[in-house]
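Here is the structure we will look at.
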Amino acid sequence: MTAQARAALWFLPLLFLVLSALLSAHIVRQRSPVARKIERGARSAGLLLEISRRPALAFGFRNLLADLEWLEAVQVAGSLRMVRADYDRLDVLIQTVNRFDPRFTVPYLLGGLVLGDSPDHAQAALATLERGMKAYPRDWQFPFYVGYIRYFSMGDPSEGGRALEAASRLPGSPPYLPMLATRMFSEGREPETALAFLAEMEKQETDPARREVLRKRLLEVIAERDIQHLERAAAAYRERFGEYPAQASDLVRSGILRRLPAEPHGGEYILSADGGVRSSRVTGRLKVFRAK
C-alpha cells in the first residue's frame, strides 16, 4: 500500500467525523432559538470558517461546504427585519463561502447588495464586491454595484460615478452606464438622479432577490423625494400666510400644490407644526439626499 493510500485511509474517516459533527451542530442551532441567537450574533463562524482559511483541509469537499454556508447565508439575508447581528453574521458567512468557492458568483453580488443596505456594513459590502472583482475582473456588474454602495450607503456620488464609469468600460455593460455616471458626477445628492439609477438597475436585474432589494430602495427614494417636495411647499405656504399649514390638504386648497403625492408604501404623509414632513410607513429619512 502506498503512502498516499495509507494517508487516505486515515483522513477519510476523520473527514466524515467532522462533517457529521457540523451537520449535528447545524440541527441543534435550528432547533434551539437561544443557541441560534447567540450564534448569529457572533463574529466567528466556528469550524467551517477556520477550515475555509485553509481550504486544503476540506479534502475535495469545498463546493459542498460552500453550499452549506450559502444556504445559511440565504436564510439570514431573507429575514424581514435584519439587525446588526444579522448583518455581522451574513458578512462572516459570505466570507466563508467566498473562500471555499471563489468562482461562485451569486454570493458576491447578493451579499454585497444586502450588506450595503446597512450603512454600518458598507465597508463590508465593498470588501465583498472587491473580492468578486478579483475573481471576475471583466464582469461589469461588480463595479456597477460598488457604485450603488458608494452612492446610497456611503453618500459619495463622486466615487459612485467613478465606479459606474469603470463598469461602463467593461465588455457587455449596458449603454446607459456612462449617462448615469455623468448624472452622478454632476447632480450628486439629488433624489431624481437616484430614481433614474434605480429604475435602470431594476429593469436590468434578473435575480429575484436582488430585484426585491432594489425595489425596496426605490420606494424609499420616492418617499424621500415626496417629503422634500412637501417640505418646500410647506415653506412656501408659511411665506404666503405667515404660518405652516395645519395639514397636507391645505397645500392643495391654497393652490400651492395641484395634488398631494401618493405615499409609495400605501401610507400617508404627515405634516408637523414646524413644517416638517414624515411618512406614516417609513421610520427614517434617507440621509444621502439631505443637506449636510
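The values are calculated or read from the model by the stated rules, or taken from the named source; none is laboratory data. Predicted model only: the values in this text are computed from it and were never measured. Please note: Cβ atoms are built from the backbone with ideal geometry, for glycine as well, and neighbour counts cover all protein chains shown.
Restricting the first member to segment 246-267 and to residues that are part of a loop (DSSP other than H, G, I, E, B), and the second to residues that are among the β-branched types (Val, Ile, Thr) and surrounded by 10 or more Cβ atoms within 10 Å (Cβ to Cβ), the beta-carbon pairs closer than 7 Å and six or more apart or on different chains are Arg259/Val252; Leu260/Val252; Pro264/Ile222; His265/Val282.
Within the option set Ala233, Ala246, being surrounded by fewer than 17 Cβ atoms within 10 Å (Cβ to Cβ), farther than 22 Å from Gly112 by Cα and not assigned by TED's automatic domain parsing to the domain that holds Gly78 holds for one residue only, Ala246. If you go through segment 60-80 and keep only what is crowded, with 16+ Cβ neighbours inside 10 Å and modelled with pLDDT under 75, you end up with nothing. Every condition in (1) surrounded by 15 or more Cβ atoms within 10 Å (Cβ to Cβ); (2) at pLDDT 90 or above; (3) more than 23 Å from Asp156 (Cα to Cα) is met by Ser254 except one, and the failing one is (1). Across segment 82-115, the qualifying residues are those that are out of contact with any Leu (no Cβ under 6 Å at 6 or more places or on another chain) and among the small types (Gly, Ala, Ser), and the one among them that is nearest to Leu214 (Cα to Cα) is Gly111. Among the candidates Gln204, Gln228, the residue that is closer than 30 Å to Gly78 by Cβ and not basic (Lys, Arg) is uniquely Gln204. In a residue-by-residue description of segment 144-162, the property of being under 18 Å from the mean Cα position of the chain (by Cα) and β-branched (Val, Ile, Thr) applies to at least one position. Of all the residues in segment 94-119, those that are charged (D, E, K, R) and within 11 Å of the chain's Cα centre (by Cα) number 1. Answer yes or no as to whether Pro175 is within 19 Å of Ala77 (Cα to Cα) and out of contact with any Lys or Arg (no Cβ under 9 Å at 6 or more places or on another chain). In short, no.
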